[in-house]
1. If you take the residues of the range 66-102 that are modelled with pLDDT under 95 and assigned to a helix (DSSP H, G or I), which of them is nearest to residue 137 (Cα to Cα)?
2. Taking into account only those residues within the range 15-43 that are assigned to a loop (DSSP other than H, G, I, E, B) and modelled with pLDDT of 95 or more, which is farthest from residue 257 (Cα to Cα)?
3. Just to be sure I understand the filter: pairs with C-beta atoms under 8 Å, separated by 6 or more residues or on different chains, first member in the range 233-244 and in contact (Cβ under 8 Å) with a residue 24 or more places away in the chain and on the phi < 0 side of the Ramachandran plot, second member surrounded by fewer than 17 Cβ atoms within 10 Å (Cβ to Cβ) and assigned to a helix (DSSP H, G or I). Which pairs pass?
4. Evaluate the range 175-186: report whether one residue or more is part of a helix (DSSP H, G or I) and either without any contact (Cβ under 8 Å) to a residue 40 or more places away in the chain or within 18 Å of the chain's Cα centre (by Cα) (or both).
5. Does residue 46 fit the bill of being closer than 21 Å to residue 123 by Cα, surrounded by fewer than 17 Cβ atoms within 10 Å (Cβ to Cβ) and modelled with pLDDT under 95?
6. Filter the range 232-260 down to residues that are over 19 Å from residue 76 (Cα atoms) and either assigned to a helix (DSSP H, G or I) or at pLDDT below 95 (or both), then give me how many there are.
7. State all residues of the range 107-132 that are over 13 Å from residue 38 (Cα atoms) and surrounded by fewer than 17 Cβ atoms within 10 Å (Cβ to Cβ); if no residue qualifies, say none.
């Protein structure tokens with residue numbers, strides 16, 4: 001079984017202290033963390049518990065030199081792309097917008113490359129929601145996707161790989177039709193031009209059952225945390241998951257390792 005930690009919303013306003021406060025003990029165990037990073041955060045967006053008291057406009061993560069230096073100096077951090085601005089407009093999450101231009105994804109990716117000197121290989125849609133136009137833009141940028149549990153039935157692109165995944169996920173939906181929630185699919189889904197992995201949120205009631213399920217299937221398990229919404233309770237839940245995963249003999253991997261791209 002492969003175990004992945006995905007933390008969302010790293011951005012210009014984040015600090016090394018924010019990261020160390022929650023992950024110092026994780027790094028001390030040699031466990032990698034994928035930080036889904038917002039390339040150009042807008043303070044009026046929805047990535048923080050409270051609005052940021054700054055002038056509106058885009059703040060490139062690369063301009064936070066202290067954060068960039070910290071990330072570059074920590075080999076256990078992988079940078080993932082988390083949208084481009086993380087702004088919700090007209091009640092549509094950024095990558096649910098049916099008109100999201102491909103150049104926006106490429107612009108965000110370029111901003112992360114300029115900041116950290118590495119090309120992100122994994123995309124995380126804000127709020128785990130992405131439309132077909134968003135998927136095409138991610139494919140154009142050459143990335144794979146980690147999102148929530150809804151992969152396979154929420155989007156449709158006319159290609160054989162999508163049809164195969166559709167039936168896999170439809171069968172699972174029917175199988176778990178009488179359960180309040182179904183376990184996340186425990187393997188990588190191949191959509192032809194990109195691959196996807198499903199995830200649990202740290203606060204999910206069934207997150208521990210989900211880890212046990214992934215262990216039984218010798219599959220993958222991805223847990224999602226949020227840097228600026230972390231609490232001691234969530235930290236304890238993450239510690240418990242890590243202990244369980246060690247007992248199961250899990251391999252702690254970087255997010256990109258799920259997809260086995262050369």
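1. If we take residues in the range 66-102 being modelled with pLDDT under 95 and assigned to a helix (DSSP H, G or I), then 102 is nearest to residue 137 (Cα to Cα).
2. Per the criteria, the residue is 15.
3. Pairs that qualify, where the first residue is in contact (Cβ under 8 Å) with a residue 24 or more places away in the chain and on the phi < 0 side of the Ramachandran plot and the partner is surrounded by fewer than 17 Cβ atoms within 10 Å (Cβ to Cβ) and assigned to a helix (DSSP H, G or I), are 239/25; 240/208; 241/208; 244/208; 244/212.
4. So in the range 175-186, the residues part of a helix (DSSP H, G or I) come out as 175.
Those left that are additionally either without any contact (Cβ under 8 Å) to a residue 40 or more places away in the chain or within 18 Å of the chain's Cα centre (by Cα) (or both): 175.
The answer is yes; a qualifying residue exists.
5. yes
6. Within the range 232-260, residues that are over 19 Å from residue 76 (Cα atoms) and either assigned to a helix (DSSP H, G or I) or at pLDDT below 95 (or both) number 8.
7. Passing the criteria: 114, 117, 118, 119, 132.
Residue by residue, here is whether (1) over 19 Å from the mean Cα position of the chain (by Cα); (2) more than 19 Å from residue 129 (Cα to Cα) holds:
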position: 40; (1), (2): no, no
position: 44; (1), (2): yes, yes
position: 48; (1), (2): no, no
position: 65; (1), (2): yes, yes
position: 68; (1), (2): yes, yes
position: 71; (1), (2): no, yes
position: 77; (1), (2): no, yes
position: 84; (1), (2): no, no
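The values are calculated or read from the model by the stated rules, or taken from the named source; none is laboratory data. Since the structure is predicted, the reported quantities are computational estimates derived from the model, not experimental observations. Every residue, glycine as well, gets a Cβ built from its backbone with ideal geometry; the counts of neighbours run over all protein chains shown.
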